[in-house]
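Visitor: I have a structure I would like to understand better, so I am pasting it below and will then ask my questions one at a time.
Quick note: the coordinates plus some simple rules give every number you see, no bench work behind them. From a predicted model like this one, the values you see are computed outputs, not experimental measurements. Don't worry about glycine lacking a Cβ; one is built from the backbone with ideal geometry, like all the others, and counts go over all protein chains shown.
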């Protein structure tokens, strides 16, 4: 009986020591080491890829924003799975695709409405946008519904409106688009893209807005 209890006590003691050691290693040491490496080598990404303007954070380069004024470049449509129902302070989307089929009447109707809006919003007195010029990303949401980037084609389509509303020349705005166009990752992954928030911050700075 005493021998059995002693063996059980030793096993419990060994288990407890293992628990303490593993808790310290995996719950304290490992997170601190990884956090230190991340902050030392990838501080910007580790802290959320925040974008600042006028000394304050205006968003993240990784999450698309909606409802930009027409003075600025517009993002892709945001059609997440649903809207946020918990935090009523912000208008948030539950990230996800619509999963609508290509021949879905609902999808077709939303695309046609979006295309008409893009044509209407981006036509200026000296520049008329044709429906055939509207790229796919201007009228469809991404798989996450929160894509922060648009295609260079969609950015160029918006140049005349942004230039007109900010009293800039199209050439000035086109140059900003070129400067903020990123190529394919590693030269072959994905497509060229333009980060909308970074571009809009540059537009505001060029126009001298606060």
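Visitor: Each label point is 7 Å from the Cα along the Cα-to-Cβ direction; what then is the distance between the points at residue 206 and residue 182, in nm?
Guide: So the two model labels end up 2.0 nm from each other.
Visitor: Quick one: angle between helix 170-179 and the longest Cα principal axis of the chain, in degrees between 0 and 90, rounded to 10, please.
Guide: Around 20 degrees separate the two axes.
Visitor: Expected output is a single nm value to one decimal: the length gained when fully extending between residue 169 and residue 63, i.e. 0.36 nm times separation in residues minus the C-alpha distance. What is it?
Guide: Length gained between residue 169 and residue 63: 35.3 nm.
Visitor: Starting from the Cα-Cα distance between residue 25 and residue 70, subtract it from 0.36 nm times their residue separation and give me the gain in nm to one decimal.
Guide: Difference between extended and current length: 11.0 nm.
Visitor: Against the longest principal axis of the chain, how steep is helix 105-122, in degrees 0 to 90 to the nearest 10, with axes from Cα atoms?
Guide: 60
Visitor: At 0.36 nm per residue, and after removing the present C-alpha to C-alpha distance, how many nm does the segment from residue 117 to residue 11 gain when stretched out fully?
Guide: 31.0 nm
Visitor: Which order, highest average first, do 146-152, 36-42, 174-180 follow once you tally other Cβ atoms within 10 Å for each residue and take the mean per peptide?
Guide: Peptide ranking by packing, descending: 146-152, 174-180, 36-42.
Visitor: Further, regarding this structure: Answer with a single label: of (i) 31, 17, 17; (ii) 27, 21, 16; (iii) 50, 23, 15, which was calculated as semi-axes √(5λ) of the Cα gyration tensor in Å from the structure in view?
Guide: Correct label, based on the coordinates given: (iii).
Visitor: A follow-up question, please. According to a simple spin-label model (label point 7 Å from Cα along Cα-to-Cβ), what is the distance in nm between residue 109 and residue 124?
Guide: Between residue 124 and residue 109, the label points sit 3.5 nm apart.
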